[in-house]
Amino acid sequence: MATRLTTILVAVIVGATFIAGLIVGAQRDDASGPVDLIIVNGKVYPGGGADLEEAVAVRGNQILRVGSNREVKRLRRPQTVVLDAHGATVLPGLNDTRVQLTSGALTLQHLNLSPARTTDDLGTELRHYAEDKPSATWLLGRNGDAELLTAANAPARKILDGAVLDRPVLVTSEDGDVAWANSKALELAGITRKTRNPHSGIVVKDRRTGEPTGVLTDDAVELVSRLVPVPTRGEKLASLRAAIEEANRLGITSLHSVSPTPEEIELLDEIRKDGGLAVRVYASIAVPPTVSEAQVLELNKLRDEFPDDPALKLGGVTVMCPCEAPHIERAIALLDKHDWHVMVQTVNGADVHAAVNAFEQAAAANPSPARERRNRLDESLLADGEARILFGSNWPAAPLDPRDAIEDAVAAPGDLRNAIDAYTSHAAYASYDEHRKGTLARGMLADIVILSNDIFESRPEALRETAVTVTIFDGKIVYQRPAPASSND
């Protein structure tokens, strides 16, 4: 009995010593070696419903520790970069789950008309833009005020001609559903008083003369926009680089690009090889509901070229509706069989019903994949019998700024954390990346955003007043808000 008791005591002592050694070793691992960056004095929301913390430490491209100011400050070394959040919110890098990246990037090269509130403003902005771009063959404006562009009897053609007469001009609303064209653009498009309206759209005409006013709606916009010259490869590369900078300015460190072309992925890969890809891109190729086996086999080859990677990967397919139920059932069954992550872009309730049924039938008919199914239906993720809400801007049809979606979703304090999770941890889960991003925790990729104030304690309207002060991607500062100009008064 005594011998047995001695054996047990020895085992307990050895076990306790081993555990203590692990703890001390972990602490030594924190304290020894370089600590590249720390953020202190923040209201740190790690994501996933976790409690608020005060500080974050980064080593290399990973989170080293999230905790109190005291815990993190002791890790500071002479070479450590220290960022003081001054009591403002610190979040995981934001992840927009629905953008058309190349399309959005190209619009950044167009004149931003969101500040224009009157026709005089619009004409002035356009005139200055034309002066700044004397070699541009077309002058394009974006984000025009929809109410301004759709005002009754708006003399669009006359207003644009007054600003620019010698080159074609096309100005579109934020969602692209309404546009103004000048006389030169209408002439190139062959639009006259005899032009018939397209199936879904209107070429607005003067009630008295029958001449086109320059206002175009819905499909009629395409009558002119299809004539805009196709950008060169160099222009697309420059636009994508500008889009990455814009995303970082808004605190976005990850994007789900829906309906990209193989060219977009190749261009992003070129930017990655040059070291300029400061966002993580999860790409989904758009396919029709009539996609064939041969087409899926070709897609499989492209997926093999861009497999799972924290920076750039192709793993999704977006089925574009409207869809007939038999077509969508066949498409989802086929794509599921080849282990594609399927998203369905629906148009109406019938599409939603058909897609849900198709997901269920595919799961019953096909073997279980190596990774669990995480099918997407517009902005929800269907997995494990539950739906996770995702947030995506649908840029360029809507602004890229995450504050728009978050502000719309927030009705109570608790909703704010849910909205942030939709832009962070849920979004990471949707691309099978929850093990490396989407939350702030030890070993996770150091994608972090620091805001200008504390959105958890401020007035609800203060979210709109909040700006990004610092964006950190892969452990490096990729955006820092310029300091306000000092006054000598």
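The values are calculated or read from the model by the stated rules, or taken from the named source; none is laboratory data. Because the structure is predicted, anything quoted here is derived from the model rather than measured. So basically every Cβ, Gly included, is an ideal-geometry build from the backbone, and we count neighbours across all protein chains shown.
Among the conditions (1) within 35 Å of the chain's Cα centre (by Cα); (2) surrounded by fewer than 21 Cβ atoms within 10 Å (Cβ to Cβ), Leu165 misses just one, which is (1). Would you confirm whether any residue within the range 89-99 is more than 27 Å from Glu434 (Cβ to Cβ) and out of contact with any Ser or Thr (no Cβ under 9 Å at 6 or more places or on another chain)? Looking through the range 89-99, none of the residues is more than 27 Å from Glu434 (Cβ to Cβ) and out of contact with any Ser or Thr (no Cβ under 9 Å at 6 or more places or on another chain).
Listed here are the helices (runs of 4 or more DSSP H) enclosed by the range 62-136 that have at least 3 residues being surrounded by fewer than 22 Cβ atoms within 10 Å (Cβ to Cβ), free of Cβ contacts under 8 Å to residues at least 12 places away in the same chain and not assigned by TED's automatic domain parsing to the domain that holds Glu263: 119-132.
Restricting attention to the range 282-303, does a residue exist that is within 12 Å of the chain's Cα centre (by Cα) and in contact (Cβ under 8 Å) with a residue 12 or more places away in the chain?
yes
Hey, can you tell me all the residues within the range 38-55 that are in contact (Cβ under 8 Å) with a residue 40 or more places away in the chain, in contact with a strand residue (DSSP E or B) (Cβ under 7 Å, 6 or more places away or on another chain) and among the hydrophobic types (A, V, I, L, M, F, W, C)? Correct list: Ile38, Ile39, Val40, Val44, Leu52. Just one of the numbered conditions (1) part of a helix (DSSP H, G or I); (2) more than 20 Å from the chain's Cα centre (by Cα) is not true of Pro231: (1). Quick one: which residue in Ala333, Ala355, Ala363, Ala370 is among the small types (Gly, Ala, Ser) and in contact with a strand residue (DSSP E or B) (Cβ under 7 Å, 6 or more places away or on another chain)? Answer to the check: Ala355.
All of Arg208, Arg142 fail the test of being basic (Lys, Arg) and in contact (Cβ under 8 Å) with a residue 60 or more places away in the chain, apart from Arg142. In the set Gly214, Gly210, Gly201, only one residue is touching a Phe, Trp or Tyr at 6+ places or on another chain (Cβ under 9 Å) and on the phi > 0 side of the Ramachandran plot; that residue is Gly214. Scanning the range 440-455 for residues that are assigned to a loop (DSSP other than H, G, I, E, B) and within 16 Å of Arg59 (Cα to Cα) turns up Leu440, Ala441, Arg442, Gly443, Met444, Ala446, Asp447.
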